[in-house]
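Accompanying notes for the structure given below.
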Amino acid sequence: MASSYSTDLKLELMVTGENAGTWGDKTNTNLNLIQQAIAGYEAVTITDSATTALVMSQAALSNARNMVIKIATITLTGATTVTIPDGIEKFYIFDLTAVTGVTNLTIKTASGTGFTAGEAKIVAAYSDGTDLKEIALDTLGGTIGTAQISDDAITSAKISANQVTTAKISDNAITTAKISDNAITTAKISALQVTADKIANSTITAAKLATDSVGPDQLISTGVTAGSYTVASITVDADGRITAASSGSAGGALFPQDSGEAFGNQARGYGGSNTGTYTANASANRIMVLAIGGGAGSCGTYSTYHSGQIGGWGYVVTDITQPYSANYVIGNYGNDTGNVGNAGNATTWNTNEIVANGATGTGPFITRDSGTIATNIGTLVSDKRLYSPYYYGTPTGTGSSVSRPQPIPTNTKISQQNTDGGIIVWESFT
């Protein structure tokens, strides 16, 4: 009976009594074929954009029987195929390191399927008699430990989008050194993701805050009710926050700690004056000055005697800058010369910053006018002229020489007999 050949390696299977005298040679050939199958190496030249068929010859050395097949140096520009024979079951190692354009290469069985090379690397595969199966890392079992991964081996290009999730990151794994400057933008932070325990003390400085980035919703409430306060009393903490506020009484904040100094009403004389200098308390930041001009002199005869009108008066409120002082002149009342009462003298503050003019002195009748006041500083709060329902004079039509109170016509200004002017100052303290 003639010899037959094995399915996978095509070894010659001799029958009993056959090949007398040549049995040893054929056995040696079979051993060489086995050696080629388990340890053989061969460089195979292929053609670009074509199919190269590897062969497995019976009882003869052949390229498809080698354990390691290296594809000789070549650049592939189109679809290229390498096939192994159908029907054999065998393990292969393919060396593709010399192939440029390796993704154009497919290795398969003649009639079945195989795989397309992904990299110019050394790959393993096995044939199950129908198809050629690649043995790759994604098809092998087991795991790759940390020690098997080189530092910096996993680059950005190796990580698919959205592959690194929160569950893949250990607590405290991302340190400051791992974050590039300006790498965390508003778009990268979800609402409520950054909490107080995630931020180191003093980490957020003024330089890290964009203009207008801190709004009312980012401020801790101090408990102060929102609203408008009049003549307000407020409390400010060391951080400049208002922690308490309340409204005061009208006018209460203008002079919360009043002290008064009065000048004038001491010297009297004809055409004389009382002068001096006012120096503010070092804690004062605002003053209110009441100024009164000198009154007109009295005039008239025994039967028609009239006292003089009052000088102009009013009060002025002004802020002051320390140190502050001002000169003043107190206006004296006007003298009288029979039927004519002379005009009073003006009271002045700091030369002409405030002027309270004396009353006019034309006589002898009640038509004489009281003085006026003007200011070049602060606010003139009030300009006063006094009115009274009575004056001293002779009752109409009686011819009596007795003087007694009589009604004064409506809006007639009150007479003030021989009255000097004066100044009163109130101070408001810080």
*Hey, which of these cross-link pairs are over 20 Å Cα-Cα: K10/K70; K26/K108; K188/K208; K70/K108; K26/K90?*
K10/K70; K26/K108; K26/K90
*Using label points projected 7 Å from each Cα along Cα→Cβ, tell me how many nm separate A238 and K198, to one decimal.*
3.0
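Given axes a ≥ b ≥ c from the Cα gyration tensor, I'd like to know whether segment 1-120 is rounded (a/c under 1.5), prolate (a/b larger than b/c) or oblate.
Judged from the Cα gyration tensor, segment 1-120 comes out prolate (a/c at least 1.5, a/b above b/c).
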*Which whole-number percent gives the relative contact order of segment 4-135, counting Cα pairs below 8 Å spaced six or more residues apart?*
20
*Report the paramagnetic label zone for L31: residues of segment 1-19 whose backbone N is under 17 Å from a point 7 Å from Cα along the Cα-to-Cβ axis.*
11-14
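What is the extension gain from V44 to T321, computed as 0.36 nm multiplied by their sequence separation minus the C-alpha to C-alpha distance, in nm to one decimal?
That works out to 89.4 nm of additional length.
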*Inverse of mean 1/r across different Cα pairs in segment 116-220, Kirkwood, Å*: 19.7
*Percent relative contact order of segment 1-77, based on C-alpha pairs within less than 8 angstrom and at least six residues apart?*
32
*Calculated Rg and Dmax of segment 1-40 using C-alpha coordinates, Å*: 10.7, 32
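All of the numbers you see were taken from the coordinates with simple rules; none came from a lab. Given the structure is predicted, the values throughout are model-derived calculations rather than measurements. Virtual Cβ from ideal backbone geometry, glycine too; neighbours counted across all protein chains shown.
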